[in-house]
Each structure stands twice: as structure tokens, then as C-alpha cells.
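Below is one structure, written out as C-alpha cells, with a few remarks after it.
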Amino acid sequence: MTESDTARHSARRILDELRDLSRISSMGEKGIARQYLTPEHRRANDWMRAKFLEAGLAVREDAVGNLFGRLEGTDPDAPAIMIGSHLDTVVDAGAFDGCLGVMTALEVVRTLSQSGTKLRHPVVVTAFAGEEGVRFGLTYLGSIAATTGWTAEMLARRDANGISLAEALTEFGLSPERTDEAKLVPGSVAAYIELHIEQGPRLNAIDAPLARVESICAIRRYIVELTGEAGHTGTVPIPARHDAGCAAAELTLTLEREALRIGQNVVATAGEVRLHPNVVNCIPGRAFMRVDLRAPTDALLDELDRAVFSAFLPQAERRGIAVTKDCYFEVPSVPCDPRVSAVIDEAVGSVTGRFVSMPSGAGHDAGAMAAIAPVGMIFVRCERGISHSPLENVPEEDVTAGYEALLEALVLADQRF
């Protein structure tokens, strides 16, 4: 079998395993959904544990449900190089977001093991938990626990069913009092490299299978509550209304307008809007919204924040709408490490003959891992740029390119770190 045949064989195995993993879902045959600290999370970890053991890795599940598979290196004192991503998903998800990075990392380690290649550093395949933030509204839960740790406020956060993060940990068989044990030992990680689908259309637009990530975006999320006055839809004249639904619509359009005006890859979204009483013959008296602001730099995020609310608050006042906003999640932008980026550039260039880089508009575990280690990311093209959807897909040839680039980047990092 030639080297290219071996890589294609590895890509097919990655795709087969992604299909198997996608069957672990709370949606059954209707779609993919694996939220943090649910029975599906347990089943996914058990499935992944079996894969790690088959590959000859030492397996560890930490105090918050992250899973690690370790291949020892030749230097017992060398810090580990970590490669991987996350296993949790959004609701009605695709099979590739996060999971492609974990399964490709496992295949890379299998290749090293089967070929008898010994690296100096230990290699740890990382399957982080709770990256998406769907259940508790807190992104990067697993990787934050592994780096900077959780706060009491985080443990008190509740899901849509009123279950706190602390209670969910207990139901999962873990202890809220022991979450600090998930923190990685300082100096134990030489570098973290994450392969991930791009989740956008830029690589498709330039017909490139891979790119090196320059930075991970800054994110700020608000709960915005708008309070007006409910009334009968047939009897209250339009000029006399204090319609919280209309105010919610104005905020939604303000987000779009100000993001377009600023440009420079900033985005703003009203991802959740709930009206009360939410019946057809009643003017909405209240609106609950979750607003997501993102930008490549902290300064641009601040500019976007100021622009949105300075434009919207006078609109709300004219309608007689009271506004409260609470920032419940914020992470700064994270530039990828120059040394790891140089390794990735060399690997991607070797595989594709091109040097492509771009900022990430999505958040990733690498953003949290940067608190304790140099980080870098490889983006893999996804068909039509679609992600967070059952239509998410990566063709075999691009999986092959991603696998080859991650393998080469790992070997180069082992030589240079």
C-alpha cells in the first residue's frame, strides 16, 4: 500500500467511526444531539474509551467528564502534546463539528503506534466535554475546567429543566466538590493542536481544503429582557402600544445593521427570542432574548457592543420599553501561538501546496487551552460551509488532507518543542 493509499484508508476509517458515533444521540434516528452530562455523553465516553483502549492508549476520564487517551513517548520527563477536540454537539447537529478533530487525532496516534514510530513527547488524544454550551449556556466547560477552573457561579447555572450544573455532575456520577481535580498540571502540556471543520464558506470560496487558524474570536453574550405592556391586538391602536415584540425585532435588525457597518469580520446575532404571553391575539408585553456578539479582536468587540446598544436604547425608549441586559458569558480573543502556527503552516503547505490562514469566527477549546499552553488550529473545508446542521459534511479527500496535515504537524511539533 502506498503512502497515499494508507492516508485514504485512514480517512475512510475516520468517516466510518464518525458515522458510528453519530448514532449516539438523544434524537434517535431523527438527528444528532449529545449534550453535556446526559446519558448520551456517558455512552459517547464509553464508546470513545473502547476506541482508545483498542489503540493501546492509557485512558483517563477527569472530574468533569473530559476523556483522554495517552500514548507514551521516549522521554518520560517531556510534557505532552495534546491533539483533539470535543464530542458534544448542538441539537440536530452534524457529525463532524468537534468529532472530526477527535477521530482524526485518534487515527494519527494509531498510525504512529502501528508503524512503530516513537515520538519524544507523550501524545494525548483529547475528547473535551461541554464545548458547545447548549445545556447550561456556558461554552468550553470541559476545557475551562482543565485550565482555569470553574467558579461557584458556573456550578449554580441551571439548564432549561431547572437542573444546576452541580446537580448534573452528581447525576453523571461525578462530584461538584472535586472539579478542581480536572485542572491540568502546570507545565504538563507542550502544545495543543486542534483540527476542526471551518464551519463557514471561505475555504470553499477559494477552493482550498485546509487552512491555518490565525486567532479565535472574542465572544460576548447577553440576556436582554424587554418589558412593555400587553394588550388586546384588536383594540389597542398602534401608536398607543408598548410592544415588546416590535422592540425585539428592532434589536435583531440593529445587531445586523451595526455588524455590517463595522465590517472586519464582526458578527452579531439574536439567537434566542421568546415573547410573552406568546398568543396570537395579545400584544407581547415582554421579550426575552439571548444576544451573541463576536469579533476577531477585543477592541472590535467593544466597538460592536457600544454601537449596538447606543443605537437600540433610544429606539426602545421611544416605544416605552424598559431594557435590562446581563452579560452572562465573555471570552477574549485568542491569537494562535506563532511557533505552533509555523508548524501548521509547514504541514498544511506540504499537504496542499498552499499557505492559507484565516481568523476563526467560532469559539473552540483551543481558546481555553491557550491559558496553559501554546495552541494552534487546522481548519478543514466543509461542504458549502454548512455546520450545526444535519447537512454538515466533509468529503473523503478533505478528511485525507486533514489527517495528513495533523500527522505531519504532530511530528514537527515533537521535534521543535
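Between residue 339 and residue 326, what is the label-point separation in nm under the 7 Å Cα-to-beta-carbon projection?
Rounded to a tenth, the inter-label distance reads 4.3 nm.
Quantify, in whole percent, the carbon and sulfur part of the accessible surface of the chain (1.4 Å probe; protein heavy atoms only).
Solvent-exposed carbon and sulfur of the chain make up 52 percent of the total.
Could you name the aspartates and glutamates whose alpha carbon sits less than 16 Å from that of residue 30, not counting residues in the same chain fewer than 8 places away?
20, 40, 92, 392
Just to confirm the number: angle between the C-alpha axis of helix 396-416 and the first principal axis of the chain, 0 to 90 degrees, nearest 10?
Approximately 70 degrees, to the nearest ten.
Only Cα pairs within less than 10 Å get springs; with that Gaussian network setup on the chain, which residue of 86, 364, 232 has the largest fluctuation?
Maximum among the listed residues: 232.
For residue 85, enumerate residues with amide H under 5 Å from its amide H, sequence gap 5+ or separate chain, H modeled in the peptide plane.
102, 126, 128
Using only the alpha-carbon atoms, what does the stretch 106-181 span along each of its principal axes? Please give whole angstrom values in decreasing order.
Between the extreme Cα coordinates on each principal axis of the stretch 106-181 lie 50, 22, 21 Å.
At residue 6 and residue 177, where each label point lies 7 Å from the Cα along Cα→Cβ, what is the point-to-point distance in nanometres?
About 5.1 nm separates the two model spin labels.
Quick one: which of 125-138, 349-362 comes out on top by average Cβ neighbours within 10 Å, and what's the full order, highest first?
Working: 125-138: 24.4, 349-362: 16.6.
Result, highest mean first: 125-138, 349-362.
Taking the Cα atoms only, what angle lies between the long axis of helix 99-115 and the longest principal axis of the chain, rounded to 10 degrees?
For 99-115 against the chain, the angle is about 0 degrees.
If you plug each phi of the stretch 25-33 into the Karplus form 6.51 cos²θ - 1.76 cosθ + 1.60 with θ = phi - 60°, what whole-Hz ³J(HN,Hα) values come out, in order, with x for Gly and Pro?
Listing the rounded values in order: 7, 6, 8, x, 7, 7, x, 10, 8 Hz.
Label 7 Å along Cα→Cβ of residue 202; the stretch 366-380 residues with amide nitrogen under 11 Å?
Output list for this probe position: 379.
Using a 1.4 Å probe on the protein heavy atoms only, what accessible surface does residue 229 show? Give it in Å² to the nearest 10.
Its accessible surface works out to 110 Å², give or take rounding.
Provide 150, 47 ordered by accessible surface of protein heavy atoms (probe 1.4 Å), highest first. Walk me through the numbers on the way to the answer.
Values: 150 30, 47 50 Å².
Result, largest first: 47, 150.
Sorted by packing (mean other beta-carbon atoms within 10 Å per residue), highest first, where do 191-201, 250-260, 15-25 land? Write out the running numbers ahead of the final one.
On the way: 191-201: 24.5, 250-260: 18.5, 15-25: 16.9.
Highest to lowest by the protection proxy: 191-201, 250-260, 15-25.
Give me the compactness ratio for the chain, meaning the Cα radius of gyration over 2.2 N^0.38 Å. Let's see the in-between values first.
Values: Rg = 22.7 Å, N = 417, 2.2 N^0.38 = 21.8 Å.
Scaled against compact globular proteins, the figure is 1.04.
For helix 244-262, what angle does its Cα long axis make with the longest principal axis of the chain, in degrees from 0 to 90 and rounded to 10?
In the chain, helix 244-262 runs at an angle near 50 degrees to the longest axis.
Pick from 70, 178, 221: which residue has the top mean-square fluctuation in a GNM of the chain where Cα pairs under 10 Å get a spring?
178
Please check: in the Gaussian network model of the chain (C-alpha springs, under 10 Å), which one of 287, 373, 405 has the largest mean-square fluctuation.
Result for the chain, Cα springs under 10 Å: 287 fluctuates most.
The values are calculated or read from the model by the stated rules, or taken from the named source; none is laboratory data. Note that the structure is predicted; figures quoted are calculated from it, not measured. Every residue, glycine as well, gets a Cβ built from its backbone with ideal geometry; the counts of neighbours run over all protein chains shown. What goes into the accessible areas is simple: the full protein's heavy atoms, side chains included, and nothing from ligands, DNA or RNA. Shrake-Rupley method; radii C 1.70, N 1.55, O 1.52, S 1.80 Å.
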